[in-house]
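Structure record follows, encoded as structure tokens.
The values are calculated or read from the model by the stated rules, or taken from the named source; none is laboratory data. Every value quoted in this text rests on a predicted model; they were computed, and no experiment measured them. For neighbour counting, all protein chains shown are included, and Cβ atoms are generated from backbone atoms with ideal geometry for every residue, glycine included.
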Amino acid sequence: MLNAATDLDPVNASYDCVSAEGYADVAEGAQITATNASGDVVAIGTLGAGQYEFESDKMFCQFPFTIADIVLDEKLYGLSVGNVFRGDVQFSEKDMRVGPRLYLG
């Protein structure tokens, strides 16, 4: 899952769940890339439709994702989504099997 903080009013959540200002590249259909420790792309997936998630006094727009056809036989994987300036977040093989979560904002 990818959680993107929003500036939306949690009481009136009747509009589309989208990323906060400055994160327009993180949206439904955006590419998510998995790399190995050497930086080679090993699989590509896409973000699903944003879904609201509430935690304490904050509201988030959560984008589920699936990366199909990835062989989990490396010690570390990098996941990146959106523009290239966001960089990779590293996950262990165990984290990848459990289901990694990325956060913005």
Exercise for review: Could you identify the single residue in 43, 30 that is within 20 Å of residue 92 (Cβ to Cβ), in contact (Cβ under 8 Å) with a residue 24 or more places away in the chain and out of contact with any Phe, Trp or Tyr (no Cβ under 6 Å at 6 or more places or on another chain)?
Suggested key: 43
Check your understanding: Any idea which residue in segment 36-51 is farthest from residue 23 (Cα to Cα), counting only those that are of a type outside the set (Gly, Ala, Ser) and touching a Leu at 6+ places or on another chain (Cβ under 8 Å)?
Key -> 36
Practice item. Specify the residue that is surrounded by the fewest Cβ atoms within 10 Å (Cβ to Cβ); the eligible residues are those in segment 57-105 that are closer than 23 Å to residue 22 by Cα and hydroxyl-bearing (Ser, Thr, Tyr). Key: 103
Study note, to complete from the structure: Across segment 12-42, the tally of residues that are hydrophobic (A, V, I, L, M, F, W, C), at pLDDT 80 or above and either buried (at least 17 other Cβ atoms within 10 Å of the Cβ) or assigned to a loop (DSSP other than H, G, I, E, B) (or both) stands at 8
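Looking only at residues in segment 43-84 that are among the hydrophobic types (A, V, I, L, M, F, W, C) and not in a strand (DSSP E or B), which one is nearest to residue 104 (Cα to Cα)? Give the derivation first.
Going through segment 43-84, the residues among the hydrophobic types (A, V, I, L, M, F, W, C) turn out to be 43-44, 47, 49, 54, 59-61, 63, 65, 67-68, 70-72, 76, 79, 81, 84.
With the extra rule that they be not in a strand (DSSP E or B), the set shrinks to 49, 67-68, 70-72, 84.
On the way: 49: 16, 67: 19, 68: 23, 70: 24, 71: 26, 72: 25, 84: 14 Å.
The selected residue is 84.
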